[in-house]
Amino acid sequence: MQPERLQHFLSLMDKGEEVVGGSPAHLCMHELSQETLRITMQINSAYHTPEELRALFSELFGKPVDETFACFPPFYTDCGKNITIGKNVFINAGCKFQDQGGITIGDGSLIGHNVVLVTLNHSLLASKRANLIPAPIRIGKNVWIGANAVVLPGVTIGDGAVIAAGAVVTKNVEADTVVGGVPAKVIRRIAQQEC
């Protein structure tokens, strides 16, 4: 995809405006998905050294990943170009990132097995169901997201927070808290001595 076209698409996503089904932006999303599928198939279909994986993820994200980044494939996404990852981030096997609306993961964060990060909603109106509404997910520094957790569009997770395995996170999470359940609720605060 041409860089100008990609930047225009990402700027539309970052504005959070509704994308009408069948519109040029929606068609662009589908075109971008084809490139993403090609790269994720490369990531997931054979063994790669950590250096090779970082090169593939840099291509997938459209920007370099830090040499401290690590991932255990398989990894799935349907866009890839709206993901920003900090230093010392680890993504475990089976994660699924729907990143059109934007995903940012801060330094030192750990993403557990089969975590799903979702940045798109569909319109609730049946007549507009094909329309998409993007909203970013922002994950702070030193966050731990447990296996099989789901984080929904528009959620910000504060630094040092822990998301329990299987949680469905529908609202912002304060720093240094543990949340769990469906929907996720605060279980406890993390004292600084524990960190």
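The values are calculated or read from the model by the stated rules, or taken from the named source; none is laboratory data. None of these values were measured; they are calculated from a predicted model. When we count neighbours, we look across all protein chains shown, and the Cβ atoms used for this are built from the backbone with ideal geometry, even at glycine. In case anyone asks, the SASA skips ligands and DNA or RNA and just uses the protein heavy atoms, side chains included. Shrake-Rupley method; radii C 1.70, N 1.55, O 1.52, S 1.80 Å.
Of everything in the stretch 103-117, what is closer than 16 Å to T170 by Cα and surrounded by fewer than 21 Cβ atoms within 10 Å (Cβ to Cβ)? Give them in sequence order.
Of the residues in the stretch 103-117, the ones closer than 16 Å to T170 by Cα are 103, 115-117.
Hit for the stretch 103-117 is V116, nothing else.
Inside the stretch 26-36, residues that are within 12 Å of C79 (Cβ to Cβ) and in contact (Cβ under 8 Å) with a residue 12 or more places away in the chain make up a count of 7. Could you go through the stretch 35-58 and let me know if any residue there is among the hydrophobic types (A, V, I, L, M, F, W, C), touching a Lys or Arg at 6+ places or on another chain (Cβ under 9 Å) and under 22 Å from K96 (Cβ atoms). No, that holds for no residue.
Of the candidates A135, A165, the single residue that is touching a Pro at 6+ places or on another chain (Cβ under 6 Å), touching a residue at least 40 places away in the same chain (Cβ under 8 Å) and under 21 Å from A184 (Cα atoms) is A135. Filter the stretch 54-80 for residues that are open to solvent by less than 20 Å² (accessible area, probe 1.4 Å) and under 14 Å from the mean Cα position of the chain (by Cα) and give the result. Result: F57, L60, F61, C71, F75, T77, C79, G80. Evaluated against (1) at negative phi; (2) surrounded by fewer than 20 Cβ atoms within 10 Å (Cβ to Cβ); (3) free of Cβ contacts under 8 Å to residues at least 40 places away in the same chain; (4) of a type outside the set (A, V, I, L, M), N88 falls short on exactly one condition, (1).
Within the stretch 38-53, which residues are within 17 Å of D78 (Cα to Cα), surrounded by 11 or more Cβ atoms within 10 Å (Cβ to Cβ) and without any contact (Cβ under 8 Å) to a residue 24 or more places away in the chain?
From the stretch 38-53, those within 17 Å of D78 (Cα to Cα) are 38-45; that's our starting set.
Within this subset, residues satisfying the condition of being surrounded by 11 or more Cβ atoms within 10 Å (Cβ to Cβ) are 38-44.
Result: R38, M41, Q42.
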